[in-house]
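Following: one structure in structure tokens, then a few remarks.
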Amino acid sequence: MSAIRIEGLQKNYGGVRAVDGLNLSVEEGAIFGFLGPNGAGKTTTIRLLTGLAHPSGGQAWVAGASLGDSRKVAGRIGYLPEEPAFYTWMSPLEFLDHVGRLFGLSSAARKARAMELLEMAGLAQVRKRRIAGFSRGMRQRLGLAQALVNRPEVLLLDEPVSALDPAGRKEVLEMIGGLRGQCTVFMSTHILSDVERTCDTVGIINHGKLVVEAKQQELLARYTLPVFELECDPGQEAALRALVDALSGCSWVTKTSLEGNVARILVKNVTGDRPILLGAVVRSGLALRRFEIVTPSLEDVFLRLVEQDGKAVQP
Amino acid sequence: MNLLTSLRKELIEQWRTYRLLVLCLVLLVFGLSSPLLAKYTPELLKLIPGAEQFAGLVPKPTLLDAVAQYVKNIGQFGVLLALLMSMGSMVAEKERGTAALMLVKPLSRGVFLLAKFLALACSFLAALALAALAGYYYTLVLFGPMDVGAWLALNGLMWLEMLVFMALTLLFSTLLRSQAAAAGLGIGAILVLSLISSLPTFGDAMPDKLVGWGVSLFTQPAPAWPALWFSLGLILAALLAAWLAFRKQEL
């Protein structure tokens, strides 16, 4: 069953179509990275899913509840905006207690849940301090804690770590990673390394439309090029050049390139041609330091897809 | 249930941010000083060089002068404070983003809005009660006993007038994107209602007539029922309009 199902979702602001017939499905229990360049429609999509914005068209269901049933949706989701705002005159303990009251938790349940979440967020020591004096990282961790008070089925995070320094980023990403198996996480971001580190499934949005949606490993495999990289010991450049020249004439090699002591060989069939290439290397007597299939990073795939999509939409 | 939770939060916020304290102190000071000012105005005139000859022209102050002074001070500053305390209540939460964080939880926009109005109403009721108590005590000491029922009714009617401007400013705070604009429209509403108040027929229904009714209770009661119904209607209409507008807003 899908934790989030979006069908033809649209949002127009005047003449601008921020979300343009978006179709998306997020599996239950997934940590879903919603990737896209700035202005792609990530935040608008999340605001539509939370009910803070109203769709111009289409339908969506979150944790089995239709967006029209805002009360049901509110009870089943947790939401963390990019820069969460709090009642700064409250302490974190009071804030979580207030949120617990809104969800109708009993006094004992509120107290226990608040302490549990403050421990998780590393804020137990400062639970009675006013939020006004909190750093950005502390606020973000408190933001995540308040989004979890009701043990949500779906957690919607809008750029949860964009505004944080590397240390704060690591802490929050570890917290998000720790939610695996507890709920479905839908996390928007434009920081690819965060997705690579935390998410198992990826959706890329551009110009308000979904460009691709797949498991991260499947996506990387799908866009892997049949390229081998060979690196030889220093002083072996001449032998490497001779090998590359010899390979250039082979029918199973599409393209070769050489840069210093590193050669790149583009082949037709990565699996079938690997033993042939290895045999050629052995026969050449080259002192090889490294031999590997080049795998693209998520960044390579992202840029490729977004660029392709950009070209496609250009008039 | 969530109305109580929201109301609780609003009241604690008013206490912690010292708004309730300031409101109580200001109204208390005017409650205390009004009978004093009424009583000692002739004495004060004698102390002003050149104004001694006018002191004799001022009639001996009475209990009604004390009531009039109280109505003038509390009425003016009460309405001004109602405007100041309501102008940012909605717009500030929308600007900061706290409204968005709260309204994705099981909290309806109507309850969110109503809690703000009720908290303001409660705060003004508490502050006015203090002012009324102080005013009553000093009037008793300086002028003798007065009709407690009339005094309570007068303060109740003044509270109702303040509620009208609170509800209107809350509406403007919901509709607009800046506190200054909400305050500006609030002042505009005061001016418009004051202008209409001087017109025949329509003027009888304006909220400021409530205070006149309250004062008349000490002499010849002159009920201003149209003003009462119109004020209640205006409060309800302003809250309803604010709710309808807020429901459609994107946060």
Counting other chain Cβ atoms within 10 Å of each Cβ in A:79-89 and taking the mean gives 5
Under the Karplus relation with 6.51, -1.76 and 1.60 and θ = phi - 60°, whole-Hz ³J(HN,Hα) for the stretch A:142-157, x at Gly and Pro, equal 5, x, 5, 4, 5, 6, 9, 3, 8, 6, x, 6, 10, 10, 9, 10
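Return B:24, A:199 ranked ascending by Cβ neighbour count within 10 Å, so the fewest neighbours appear first.
Details: B:24 18, A:199 25.
Least crowded to most crowded, the residues run B:24, A:199.
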Of all DSSP beta bridges with both partners in chain A, the antiparallel percent, nearest 5, is 70
Of all DSSP beta bridges with both partners in the protein assembly as shown, the antiparallel percent, nearest 5, is 70
When the charge dipole of chain A is computed with +1 on Lys and Arg Cβ and -1 on Asp and Glu Cβ about the Cα centre, the Cα farthest towards its positive end, among A:8, A:122, A:104, belongs to A:104
Descending packing, highest mean Cβ count within 10 Å first, for B:61-69, A:236-244 is B:61-69, A:236-244
Rounded to a whole number, the mean other protein chain Cβ count within 10 angstrom for residues of B:103-113 is 5
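Take the alpha-carbon positions of the stretch B:15-159, form their convex hull, and give its projected area averaged over all directions (one quarter of the hull surface) in nm².
Values: hull surface 45.1 nm².
Over every viewing direction, the Cα hull of the stretch B:15-159 projects on average to 11.3 nm².
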Computed over chain B, the relative contact order (Cα-Cα under 8 Å, seq sep at least six) in percent reads 25
Candidates A:44, A:224, A:88; GNM for chain A (alpha-carbon contacts under 10 Å) flags as most fluctuating A:88
Sorted largest first, the Cα spans of chain A on the principal axes come out in Å as 76, 47, 32
One point scatterer per Cα, no solvent, Debye formula: log10 I(q)/I(0) for the protein assembly as shown at q = 0.06, 0.11 Å⁻¹ comes out as -0.48, -1.03
For residue B:39, the lysines lying under 16 Å Cα to Cα, once residues fewer than eight places off in the same chain are dropped, come out as B:60, B:72
Taking a straight Cα-to-Cα line shorter than 16 Å from residue B:105, and setting aside same-chain lysines fewer than 8 residues away, one finds A:72, B:9, B:94
Note to self: C-alpha centroids of the stretch B:200-233 and the stretch B:35-90 sit apart, in Å, by 22
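Taken together, the values in this text are just the output of simple stated rules run on the coordinates, not laboratory data. Everything numeric here is computed off the predicted structure, so don't read it as measured data. Reconstructed Cβ throughout: ideal geometry from the backbone, glycine too, with neighbour counts over all protein chains shown.
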